Amino acid sequence: MRALIDRLEQEGTLSREEWIALLEGRSEELAQYLFARARAARRRYYGDDVYIRGLIEFTNCCKNDCYYCGLRRSNRRVERYRLTEEEILACCREGYALGYRTFVLQGGEDPAWTPERLARLVSAIKGEYPDCAVTLSVGEHPREVYQLWFDAGADRYLLRHETANGAHYRSLHPPEMSPENRKRCLWDLKEIGYQVGCGMMVGSPGQTAEHLAEDMAFLRALEPDMVGIGPFIPQRDTPFRDRPAGSLELTLFLLGLIRLMLPDVLLPATTALGTIHPRGRELGILAGANVCMPNLSPPGVREKYALYDNKLCTGDESAQNLRDLERRLASAGCRVSVHRGDHKTR
Ligand code: SAM
């Protein structure tokens with residue numbers, strides 16, 4: 001098994017059978033071997049810097065009905081909110097003063113946020129903070145809309161592909177959503193010139209090692225600048241409420257594999273990882289991650305952005321709590337970087 005990890009590092013990819021063998025044959029000892037290589041790879045490109053992004057969850061209204069997500073339109077239990085432009089700009093102001101140089105605007109696919117309205121917001125943020133990057137994460141849209149936001153100044157776009165396998169994708173989403181459109185969006189974003197992030201939910205219902213092998217092949221083909229992966233966590237008001245959560249152990253192993261396959265990629269230790277284990281983020285950093293995205297939303301709405309149960313939004317997850325995050329990162333041999341944290345080689 002170590003030979004497969006060595007080959008992944010040298011050649012940057014494996015065959016489908018090899019991915020499956022590695023995933024099914026993994027052990028604690030193999031994981032430690034992988035993580036040491038992954039940390040060395042990260043260090044070659046990024047040193048011990050971990051980039052921080054201020055995450056502004058600006059609307060929890062969504063027209064989609066993804067079976068796993070607490071924001072799905074059929075969920076009548078969630079209290080819906082939308083931040084105003086002024087509230088979002090106030091989050092940026094606070095974040096800037098704290099040292100954040102990337103703002104991630106994430107939300108459901110909310111029709112009240114028309115393309116033009118969001119473009120105006122992006123221009124306003126870039127006008128006030130020209131030294132900051134703006135990342136959008138607002139789902140699937142026509143290419144022209146992505147172009148409009150790019151022209152308004154958006155630098156990056158996060159859109160998880162969730163799973164690269166078509167049948168698996170359909171089992172996680174309602175019929176009106178398609179794996180083809182998801183992938184089309186990612187290729188459009190890349191062609192337009194965004195720094196693009198994709199990624200999968202680990203341990204989502206029905207996921208197999210074969211699916212994960214397809215995910216790795218998709219990442220290899222797309223060559224995203226960022227990869228966001230986190231464990232699936234059930235949410236009590238969704239059809240997947242009784243499904244088991246994805247594991248910490250598999251998520252960490254995949255983080256290590258992704259770091260070795262795409263050594264210069266920006267790789268977050270996600271909130272979901274911090275939610276399933278008290279030291280989840282540090283363990284993610286030790287497995288090769290190099291980005292954290294603390295929550296910069298107004299405290300009053302944080303609990304309403306309930307993608308899954310018990311989602312962290314206070315304590316170290318809070319953007320205001322940089323001291324504690326620094327302490328945690330130091331325990332993993334890393335330090336917070338206040339730079340924009342662009343992709344190193346593109
Ligand atoms: N609407 C945008 C989109 O679809 O990309 C951004 C918001 S969406 C809620 C962000 C991500 O949350 C999804 O891509 C999905 O991977 C993750 N997510 C949603 N429900 C989840 C769950 N139950 N467990 C873990 N992650 C979840």
* Any chance region 241-251 includes a residue that's crowded, with 17+ Cβ neighbours inside 10 Å, among the charged types (D, E, K, R) and more than 24 Å from A119 (Cβ to Cβ)? -> yes
* To do: Pairs only if they're at least six apart or on different chains, beta carbon under 7 angstrom, first in region 185-208 and closer than 16 Å to S171 by Cβ, second modelled with pLDDT under 95 and surrounded by 20 or more Cβ atoms within 10 Å (Cβ to Cβ); list them, first residue then second.
  => none
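Using the structure shown, decide if Y169 is aromatic (F, W, Y) and under 19 Å from G107 (Cβ atoms).
Working: aromatic (F, W, Y): yes; under 19 Å from G107 (Cβ atoms): no.
No: the conditions fail for Y169.
Only helices (runs of 4 or more DSSP H) wholly contained in region 243-346 count here; list those with 2 or more residues that are in contact with a strand residue (DSSP E or B) (Cβ under 9 Å, 6 or more places away or on another chain), away from the ligand (no atom under 16 Å from the Cβ) and at pLDDT below 95.
Values: elements: 248-261, 271-276, 280-286, 299-302, 322-331.
Fully inside region 243-346 and qualifying: 322-331.
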* Within the group L248, L286, L296, L307, which residue is hydrophobic (A, V, I, L, M, F, W, C) and touching a His at 6+ places or on another chain (Cβ under 9 Å)? -> L248
* Among all residue pairs at least 6 apart or on different chains, which show Cβ distances below 7 Å where the first residue, located in region 70-84, is without any contact (Cβ under 8 Å) to a residue 40 or more places away in the chain and at negative phi and the second is surrounded by fewer than 17 Cβ atoms within 10 Å (Cβ to Cβ) and of a type in the set (A, V, I, L, M)? -> R82/A112
* Do we have G153 as away from the ligand (no atom under 15 Å from the Cβ), of a type in the set (G, A, S) and surrounded by 14 or more Cβ atoms within 10 Å (Cβ to Cβ) here? -> yes
* May I ask you to say which residue of R160, R170, R117 is of a type in the set (D, E, K, R), away from the ligand (no atom under 11 Å from the Cβ) and either closer than 24 Å to A272 by Cβ or touching a Gly at 6+ places or on another chain (Cβ under 6 Å) (or both)? => R170
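The values are calculated or read from the model by the stated rules, or taken from the named source; none is laboratory data. This structure is a prediction, so every number in the text was calculated from the model and none was measured. When we count neighbours, we look across all protein chains shown, and the Cβ atoms used for this are built from the backbone with ideal geometry, even at glycine.
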